[in-house]
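Undergrad: First, the structure itself, so that you have it in front of you.
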Amino acid sequence: MIGTRPAGQHTVRQHNSALVLGAIADGPGTSRAGLSTATGLTKATVSSVVDRLIAADLVAEGEPEQRVGPGRRGTVVSLSPSGPHGLGIEIGVDYLASCLVDLNGTVRFEEVRYADNRTPQVFHRVSAFLRKARKRAEALGVSVCGVGVAVPGLVESGLVRLAPNLGWRDVDLADRLGEAFTVGNEANFAALAELWHGTALPDFVHVSGEIGIGAGIVLERALFEGVRGAGGEIGHLPVAPGGPPCSCGANGCLERMAGQEEILRLSGAATVDDLVSALESGSGAALSAVSTAAGHLGVGLSTVVNLMDVPAVVLGGTYARLEPWLREPLLAELERRVPSTAWSPVRILRSPLGTGAAVRGAAGSVIRGVLADPEHYLTTHWPSDRDARGR
């Protein structure tokens with residue numbers, strides 16, 4: 001019989017660091033005594049962990065805590081705004097985006113640069129864009145502890161297996177760009193950003209429509225990725241089997257019938273800004289194009305709602321901008337195709353993060369990694385206790 005090995009010193013330290021930093025993130029403005037109560041750790045253990053976190057600039061001490069009653073008031077501790085930052089890069093079909101966030105998830109800067117990325121030069125373009133973002137972070141006087149990259153495709157263990165709208169297959173971004181990244185599907189990153197900073201729903205499907213259509217599914221506050229990380233590929237659900245060919249090789253896929261390019265084509269608008277202006281002015285062509293797209297979107301989303309029983313749909317990306325005109329025809333299609341709406345209507349919400357959700361989620365994933373395992377960050381950037389104490 002093989003027994004369970006006892007936890008080593010590093011394992012205990014890893015657990016305690018994550019526990020304390022997680023409590024600080026969940027309850028900013030808590031004293032060390034409050035952290036001891038919240039975590040169940042001794043005051044001595046909490047103080048030791050907090051000292052290490054302060055030395056690494058993960059945590060900062062502030063003013064005395066505000067409370068009533070007798071006794072000495074402790075000093076509050078919170079996540080350090082000057083500590084390590086997460087950098088997000090999104091590689092869209094027709095744009096690049098960057099976003100820098102601090103440990104609290106506060107956005108320090110965002111940038112979007114429009115260009116057609118369906119070209120072999122895209123990797124050089126991304127590399128230059130990344131260097132520019134790093135220089136901006138350096139100018140702010142903060143360190144970047146990692147980079148998250150959002151791509152419109154299927155990702156497995158950091159490898160972009162398939163991104164049909166970019167023409168990619170089995171692309172290793174780390175190898176192409178010469179450094180390690182946290183690579184993920186843009187729709188999943190967008191859903192995570194929505195969970196962390198958006199509508200605060202525990203269960204929803206976040207769907208965004210640009211040139212492609214992506215969906216991220218959140219159940220019980222956790223991202224559902226499927227067995228191989230390919231969950232949520234709603235853009236390639238067949239909604240019109242006899243429809244036009246899609247970049248994936250099939251016909252009548254949702255993104256081909258209700259994506260940004262198809263809506264613009266049907267409306268006669270050149271850009272999304274032009275489309276919104278036409279909708280606001282009551283253009284029949286624009287209203288018809290959006291209504292047609294909403295019908296196809298309803299077909300695709302009804303499949304997700306019927307299969308996963310999600311109670312809410314969050315419209316992101318371009319769909320967030322079109323929400324006032326998408327809402328009614330989309331609801332009508334869902335009511336027609338989802339039996340449970342008779343007693344439990346599906347909620348339709350507009351994402352407050354809009355087109356910036358995916359890149360913000362990519363940046364936030366770096367920070368969430370630090371909060372989940374601060375010991376890894378400490379041992380990577382502060383290789384010994386001596387260094388962690390600043391000696």
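The values are calculated or read from the model by the stated rules, or taken from the named source; none is laboratory data. Here the structure is a predicted model, which is why all the values come from computation and not from measurement. Note: ideal-geometry Cβ built from the backbone for every residue, glycine included; neighbour counts use all protein chains shown. The area values use the complete protein model at the heavy-atom level, side chains included, leaving out ligands, DNA and RNA. Shrake-Rupley method; radii C 1.70, N 1.55, O 1.52, S 1.80 Å.
Condition check ((1) among the small types (Gly, Ala, Ser); (2) modelled with pLDDT under 95; (3) farther than 30 Å from GLY22 by Cβ; (4) in contact with a helix residue (DSSP H, G or I) (Cβ under 7 Å, 6 or more places away or on another chain)) across all residues:
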| residue | (1), (2), (3), (4) |
| --- | --- |
| SER267 | yes, no, yes, yes |
| LEU275 | no, no, yes, yes |
| ALA278 | yes, no, yes, yes |
| ALA289 | yes, no, yes, yes |
| GLU323 | no, no, yes, no |
| ILE367 | no, no, no, no |
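Undergrad: Which of the residues belonging to segment 281-337 are among the hydroxyl-bearing types (Ser, Thr, Tyr) and in a helix (DSSP H, G or I)?
TA: Matches in segment 281-337: SER288, SER291, THR292, SER302, THR303, THR318, TYR319.
Undergrad: For segment 80-108, enumerate the residues that are open to solvent by 10 Å² or more (accessible area, probe 1.4 Å), farther than 22 Å from GLN260 by Cβ and not in a loop (DSSP other than H, G, I, E, B).
TA: Passing the criteria: VAL107, ARG108.
Undergrad: How many of the residues making up segment 256-281 are open to solvent by 20 Å² or more (accessible area, probe 1.4 Å), within 22 Å of GLY92 (Cα to Cα) and not hydrophobic (A, V, I, L, M, F, W, C)?
TA: Residues in segment 256-281 being open to solvent by 20 Å² or more (accessible area, probe 1.4 Å), within 22 Å of GLY92 (Cα to Cα) and not hydrophobic (A, V, I, L, M, F, W, C): 8 in total.
Undergrad: Ok, one more. Residues GLY249, GLY243, GLY214, GLY231: which one is modelled with pLDDT under 90, crowded, with 24+ Cβ neighbours inside 10 Å and of a type outside the set (Ser, Thr, Tyr)?
TA: So the residue among GLY249, GLY243, GLY214, GLY231 that is modelled with pLDDT under 90, crowded, with 24+ Cβ neighbours inside 10 Å and of a type outside the set (Ser, Thr, Tyr) is GLY214.
Undergrad: Which of the residues belonging to segment 16-35 are assigned to a helix (DSSP H, G or I) and at pLDDT below 90?
TA: Within segment 16-35, ASP26, ARG32, ALA33, GLY34 qualify.
Undergrad: Looking at (1) surrounded by 16 or more Cβ atoms within 10 Å (Cβ to Cβ); (2) touching a Pro at 6+ places or on another chain (Cβ under 8 Å), find the lone condition where GLU194 falls short.
TA: The single condition GLU194 does not satisfy is (2).
Undergrad: So, in segment 197-211, of the ones that are among the β-branched types (Val, Ile, Thr) and open to solvent by less than 30 Å² (accessible area, probe 1.4 Å), which residue ends up nearest to ILE234 (Cα to Cα)?
TA: Applying the filter and picking the extreme gives VAL207.
Undergrad: Further question on the same structure: Considering segment 248-260 alone, what residues qualify as being out of contact with any helix residue (DSSP H, G or I) (no Cβ under 6 Å at 6 or more places or on another chain), of a type outside the set (Lys, Arg) and over 15 Å from ARG321 (Cα atoms)?
TA: GLY249, ALA250, ASN251, GLY252
Undergrad: Given (1) assigned to a strand (DSSP E or B); (2) open to solvent by less than 40 Å² (accessible area, probe 1.4 Å), identify the lone condition not met by GLY226.
TA: Of the numbered conditions (1) assigned to a strand (DSSP E or B); (2) open to solvent by less than 40 Å² (accessible area, probe 1.4 Å), the odd one out for GLY226 is (1).
Undergrad: Further, regarding this structure: Looking at VAL183, is it buried (at least 16 other Cβ atoms within 10 Å of the Cβ) and either in a loop (DSSP other than H, G, I, E, B) or free of Cβ contacts under 8 Å to residues at least 24 places away in the same chain (or both)?
TA: no
Undergrad: So is VAL76 modelled with pLDDT under 95, within 21 Å of VAL359 (Cα to Cα) and among the β-branched types (Val, Ile, Thr) or not?
TA: Taking the combined requirement at face value, the residue does not satisfy it.
Undergrad: Give segment 118-131 a look and list any residue that's open to solvent by 20 Å² or more (accessible area, probe 1.4 Å) and in contact (Cβ under 8 Å) with a residue 24 or more places away in the chain, or say none.
TA: Answer for segment 118-131, where residues must be open to solvent by 20 Å² or more (accessible area, probe 1.4 Å) and in contact (Cβ under 8 Å) with a residue 24 or more places away in the chain: ARG118, PHE123, ARG125, SER127.
Residue-by-condition table, conditions (1) open to solvent by 10 Å² or more (accessible area, probe 1.4 Å); (2) over 23 Å from ALA191 (Cα atoms):
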| site | (1), (2) |
| --- | --- |
| SER291 | yes, yes |
| GLY300 | no, no |
| ALA312 | no, no |
| GLY316 | no, no |
| ARG327 | yes, no |
| VAL346 | yes, no |
| ARG350 | yes, no |
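Undergrad: Condition test on VAL171, is it open to solvent by less than 30 Å² (accessible area, probe 1.4 Å), of a type in the set (Val, Ile, Thr) and over 16 Å from VAL359 (Cβ atoms)?
TA: yes
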